[in-house]
1. For region 2-73: lysine pairs with Cα atoms under 19 Å, gap of 8 or more or different chains, count?
2. Tell me the net charge near Ala64. Cut-off is 12 Å between Cβ atoms, Ala64 excluded, with +1 for each Lys or Arg and -1 for each Asp or Glu.
3. Could you size up the charge dipole of the chain around its Cα centre, putting +1 on the beta carbon of Lys and Arg and -1 on that of Asp and Glu, and report it in debye to the nearest 20?
4. Return the whole-Å distance between the Cα centroid of region 1-33 and the Cα centroid of region 57-71.
5. Which of the following values of semi-axes √(5λ) of the Cα gyration tensor in Å was calculated from the structure shown: (i) 19, 14, 11; (ii) 65, 17, 8; (iii) 18, 13, 12?
Amino acid sequence: MEELLEILNEINPDIDYKKENNLIDGKLLDSLSILTLITEICDTFDIEIGPKWMRNENFNSIGAMWKMIESIQNE
């Protein structure tokens with residue numbers, strides 16, 4: 001999960017990702033940040049995030065993102 005936290009901190013270091021649960025719904029990440037995040041996650045974890053995973057709830061918190069990454073890796 002540290003790698004994911006590093007990615008997020010590179011995108012916007014002003015957000016407390018360990019506490020925040022509304023990254024998308026609270027509009028803390030803009031569309032460019034989200035695209036960058038998805039690209040970095042795919043590259044770092046060698047996964048593809050398909051359409052079924054492209055839901056706000058999968059990107060609202062670091063915990064939700066980590067759960068999504070693990071689920072994709074286990075498919």
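Each value in this text was obtained by applying a stated rule to the coordinates, not by laboratory testing. All values derive from a computational prediction rather than experimental measurement. When we count neighbours, we look across all protein chains shown, and the Cβ atoms used for this are built from the backbone with ideal geometry, even at glycine.
1. So the count of such lysine pairs works out to 5.
2. It works out to a net charge of -2.
3. Dipole size: approximately 360 debye.
4. After rounding, the separation between the Cα centres reads 12 Å.
5. Among (i) 19, 14, 11; (ii) 65, 17, 8; (iii) 18, 13, 12, the one derived from this structure is (iii).
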